[in-house]
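What follows is a set of notes on a single structure, which appears directly below.
The values are calculated or read from the model by the stated rules, or taken from the named source; none is laboratory data. As the structure is a prediction and not an experimental result, all values here were calculated from the model. A quick note on method: Cβ atoms are made from the backbone with ideal geometry, for glycine too, and the neighbour counts reach across all protein chains shown. In case anyone asks, the SASA skips ligands and DNA or RNA and just uses the protein heavy atoms, side chains included. Shrake-Rupley method; radii C 1.70, N 1.55, O 1.52, S 1.80 Å.
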Amino acid sequence: MCGACGAGRSVPRWEDVLAPPGRSVLADRAARTERLLGPGSGLRVRAWMSAGYLLADRVGRTVHAADLDTLWRAAAERGARLAGRRPLRGPAATVPVEVPGGWDPATVAVWCAAVARTEPDASLKVTLPDPGGARTVLVEIGSGAVRATVLEAGPDGPERGGAILVGGVGAAGAARHLTDCHQVARAPADGL
């Protein structure tokens, strides 16, 4: 039961639709966030048990963030930016994104939260096919917020497997940046 409204069921956060929030999932997201912030930010990110993230600056001041949206807001307040970020410009389009080795839920979740925070006027739809074919997730980024919905596979539903699809204004640039973020996240730690 939802403690806030008593409605009988709670709605998971958008990032938890991509992957349930266990300790290892939070640790993966924290590691990806730190990598995508880059070493020049001076910020350290780590998972805090199963209760979110801790963001520490160069002098050790630490803030708790319950979710990725709050984490990126706190990072932005400390002057951090997403590494390699480019403004989303260009015509509206739908662009496939092929990620060698398949897409990583932690990297996609971190990227979506970062785009929503750094591009508050962005309006993108990211379709994430499950490599196993069990489901497809639609992530919508708009007005500085992110929403995720599971789409049922069926005769009229999305194609199983395949590439990530990024749609909206500036989709080509967003697709390139998402691919770059996967490469940064998978690079060896000493490679930065």
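Quick one: Leu37 ticks every box in (1) open to solvent by 30 Å² or more (accessible area, probe 1.4 Å); (2) touching a residue at least 12 places away in the same chain (Cβ under 8 Å); (3) closer than 20 Å to Pro120 by Cβ bar one, so which box is it?
(1)
Identify the single condition in (1) free of Cβ contacts under 8 Å to residues at least 40 places away in the same chain; (2) under 26 Å from Ala187 (Cα atoms) that Ala51 does not satisfy, given that it satisfies every other one.
(2)
Of all residues being touching a His at 6+ places or on another chain (Cβ under 8 Å) and modelled with pLDDT under 95 in region 46-81, which is nearest to Val146 (Cα to Cα)? Just the residue, please.
My answer is Gly52.
Quick test for you: out of Val115, Val139, pick the one residue that is among the aliphatic types (A, V, I, L, M), touching a Cys at 6+ places or on another chain (Cβ under 7 Å) and closer than 16 Å to Ala171 by Cβ.
Just a single option satisfies the conditions, and that option is Val139.
Among the residues of region 94-123, write down those that are open to solvent by 40 Å² or more (accessible area, probe 1.4 Å) and either aliphatic (A, V, I, L, M) or part of a strand (DSSP E or B) (or both).
Thr94, Pro96, Ser123
Are any residues in region 148-164 more than 14 Å from Ala19 (Cα to Cα) and either touching a helix residue (DSSP H, G or I) at 6+ places or on another chain (Cβ under 9 Å) or at pLDDT below 65 (or both), and if so, which ones?
Ala153, Gly154, Pro155, Asp156, Gly157, Pro158, Glu159, Arg160, Gly161, Ile164
Collect the residues in region 11-25 that are closer than 22 Å to Gly144 by Cα and part of a helix (DSSP H, G or I), keeping them in residue-number order.
Hits for region 11-25 are Trp14, Glu15, Asp16, Val17, Leu18.
Just give me the residues in region 68-93 being surrounded by 15 or more Cβ atoms within 10 Å (Cβ to Cβ), in a loop (DSSP other than H, G, I, E, B) and touching a strand residue (DSSP E or B) at 6+ places or on another chain (Cβ under 8 Å), in sequence order. Please lay out each step first, then the result.
In the first step, residues of region 68-93 are kept if they are surrounded by 15 or more Cβ atoms within 10 Å (Cβ to Cβ); the result is 68-75, 78, 80-83, 85, 88.
Checking the rest, the ones that are also in a loop (DSSP other than H, G, I, E, B) come to 78, 80-83, 85, 88.
Across region 68-93, the qualifying residues are Arg78, Leu88.
More than 20 Å from Arg176 (Cα to Cα), open to solvent by 50 Å² or more (accessible area, probe 1.4 Å) and part of a helix (DSSP H, G or I): does that describe Arg147?
no
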